[in-house]
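Structure first, then comments.
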Amino acid sequence: MCGIIGVVGMPNAASALVKGLKRLEYRGYDSAGIAVVTGKGLEIQRAVGAVANLERQAAPLGTVGIGHTRWATHGPPTEANSHPHRDCSERLAVVHNGIVENYQELREGLQARGHRLLSQTDTEVLAHLIEERYHGDLLAAVQETLPLIEGSYGLVVVSADAPDRIVCARMRSPLLLGVGQGQMLLASDATALLEHTRSVVFLEDGETAELTQERVRLFDAHRKPKIPVVRELPWNLEAAEKGGFDHFMLKEIHEIPEALHEVFRGRLGMAGDRFDVEGALPESALRGAQRILVLACGTSYYAGMVGRSIVEQLAGVPVDVQLASEYRYAPQTTQEGTLAIFVSQSGETADTLEAMRRARASGCRTLAMVNVVGSTLAREAEGVFYLRAGPEIGVASTKAFVNMVGGFYLLGLHLGATRGHLTPDECKRLAGEMRTLPRLAQRALETAGDVAPLAGEFFHGAEHAFYLGRQINHGLAMEGALKIKEISYLHAEGYAAGELKHGPLALLTPDFPVVVALSDKEPTYGVMVSNIGEVRARGAKVLAIATETDANVHKHVDHVVRVPASDPLFYPVPACVALYLLAYHAARGRGCNIDRPRNLAKSVTVE
Ligand code: M6R
């Protein structure tokens, strides 16, 4: 989950590294550090906390260097535990993203052979292992070290004795190379490269590479040379900047209409007979699936819950949704005839990746629904449906969730049309409604735009909250609760509204706010109103995210945030805009670090 970067041939390597690290900070912000090759050897700077703390130090001068922003796994966030880590000679430095699972054993061996290890990290052993194998060829030393390592790594090494190059390796941790004019770069995420180049090479598991100013030498897992395939990234730098908003999260909420427009662009045929999958997954695996299994984590899992309702309603195909982190360890059953869909913004979530490998081994056909182009999930699945939400930087996922839901609308329509579950007229009507969704989201930004004072008042003094919804809005309620707990540290639980009376109702007091997501046209509207009554009878106050056409709801709740009306199938789109704004303003009112919530990282590449 850490961010890593390396540069070769930069007029001022230190400044390029620090700038790149700032773009990677969402991957971890416990500490940051750089190592630059200078006339004096290797100069290393490290600082606990944000990259800004590193920036205060005088920059070393050099053209080659590596950098790291840390999300702590082994050892607390101290300077000693910050990367880069050095070998005994202090002429070699390493940055690493991932986990060296056998580091304890490797560490004891190194200490027995006289090495001095100065940190509590798993990474430091890598520097010393490479030191032992370095006899004038840095690449060979790294390649000889890799078989000793159990675990995952995006690994970058620089040495004062090979001052014109950096060497990197990848195993289950993202790494891509940036190919510039007389400059080479690498990073864990594309956003750190965009300022310099959009031409990239994605590393595969087991691969190693050596970067000099003029060329990239790439090697496969057997150390055989490989021709690098250069791809063009579809994003630009502006898309990765804050663009005048105070936080990336707020910017990304405001980008929802545009993101939705993109997910549907060119994909909404009247007849719903297209579903835009890249790769080798045959159309028959979609159309002929007897069952769909959605696997994902966090917000992407909740998008899968919403997706289940959409696909079951539109296509009549049974859909099961499971947490990737659980599925990967569950007993294996044969799953022939199952289409497994892996939903992920980053495409690098370790649990989702492992779930995919597991599902494939069980006989599932595999489809990734992913935002980051060229990510591991996108490359390893048989087919990929790109979410086209643009770069999402805020740790709290927003626009990617909406585009995941958008992807399920397209899939549901496609399956419904091609399997004869929907009539041509129904397809036409649904496609027409989908076309209006970007506008609906835009209107929701307006109708719910002034929610800031209410967010402050409603959650004031509360330590806990419930978010309730039924059916398609159950996953939405879960997502609303996750969002508020992750950025405002208010404990919130999403519940299927009918479940409250089976236990959790006992918790309710007047200080326990309850948010309900309900659309006036949903079949369960009446029971939702009854559930609201049960909650209010216990003195709890209720805020409803309700449609503009709902002339009844205000009689039953304390506050209403309005969103534009739609078919209840599409209510999650405007409603999540309102839920996101509510969470954002509640967190802001509490003075929380919205884009970088404590203990979290954007991309969870460890299990
Ligand atoms: O990149 P992914 O979509 O696979 O990430 C999955 C979760 O880690 C992610 O959605 C997480 O729950 C977000 N921080 C939620 O806002």
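We did not get these values from a lab; they are worked out from the coordinates using the rules stated. Please read these numbers as outputs of a predicted model, since none were measured by experiment. Quick reminder, even Gly has a Cβ in these numbers, built from the backbone with ideal geometry, and neighbours come from all protein chains shown.
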Checklist entry - Can you tell me the Rg and Dmax of region 186-236, counting just the alpha carbons, in angstroms? => result 11.6, 35
Checklist outcome for this item: Counting all Cα-Cα pairs in region 445-598, those more than 24 Å apart amount in percent to 23
Checklist entry - Which listed residue (Ala578, Ala465, Thr547) has the Cα farthest towards the positive end of the charge dipole for region 445-598, taking +1 on Lys and Arg C-beta and -1 on Asp and Glu C-beta about the Cα centre? => result Ala465
Next on the checklist: Please compute the contact order of region 191-253 in relative form: average sequence separation of alpha-carbon pairs under 8 Å and at least six residues apart, divided by the residue count, as a percent.
Outcome noted: 31
Next on the checklist: Output the 0 to 90 degree angle, nearest 10, between the alpha-carbon long axis of helix 13-24 and the longest principal axis computed from the alpha carbons of the chain.
Outcome noted: 20
Next on the checklist: I need two numbers for the chain: Rg to one decimal and Dmax as a whole number, Cα atoms only, in Å.
Outcome noted: 25.1, 79
Checklist entry - So how compact is region 155-206: Cα radius of gyration and Dmax in angstrom? => result 11.3, 30
Checklist entry - When you count, for each residue, the other Cβ atoms within 10 Å and take the mean per peptide, how do 180-192, 109-121, 539-551 rank with the highest first? => result 180-192, 539-551, 109-121
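Any idea what diffusion coefficient region 356-405 gets from Stokes-Einstein, in µm²/s, Kirkwood Rh on alpha carbon pairs, 25 °C, 0.890 mPa s?
Stokes-Einstein gives a translational diffusion coefficient of 209 µm²/s.
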Next on the checklist: Checking the cross-link filter: which aspartates and glutamates have an alpha carbon closer than 14 Å to that of Lys483, excluding same-chain neighbours under 8 positions apart?
Outcome noted: Glu252, Glu493, Asp595
Item to check | Per-pair calculated FRET efficiency, R0 = 41 Å: His460 and Gln104 via Cβ, rounded to 0.05 | outcome: 0.30
Checklist entry - Over the Cα atoms of region 1-90, what is the Rg over Rh ratio if Rh follows Kirkwood? => result 0.94
Item to check | Kirkwood Rh in Å, taken over region 259-435 so that all alpha-carbon pairs contribute | outcome: 15.8
Next on the checklist: Could you work out the relative contact order of region 352-412? I mean the mean sequence separation of Cα pairs under 8 Å and 6+ apart, divided by the number of residues, in percent.
Outcome noted: 25
Checklist outcome for this item: For the chain, longest principal axis from Cα atoms; helix 424-435 axis from its Cα atoms; angle between them, nearest 10 degrees, is 60
Item to check | Between 0 and 90°, nearest 10: helix 298-315 axis offset from the chain longest Cα axis | outcome: 50
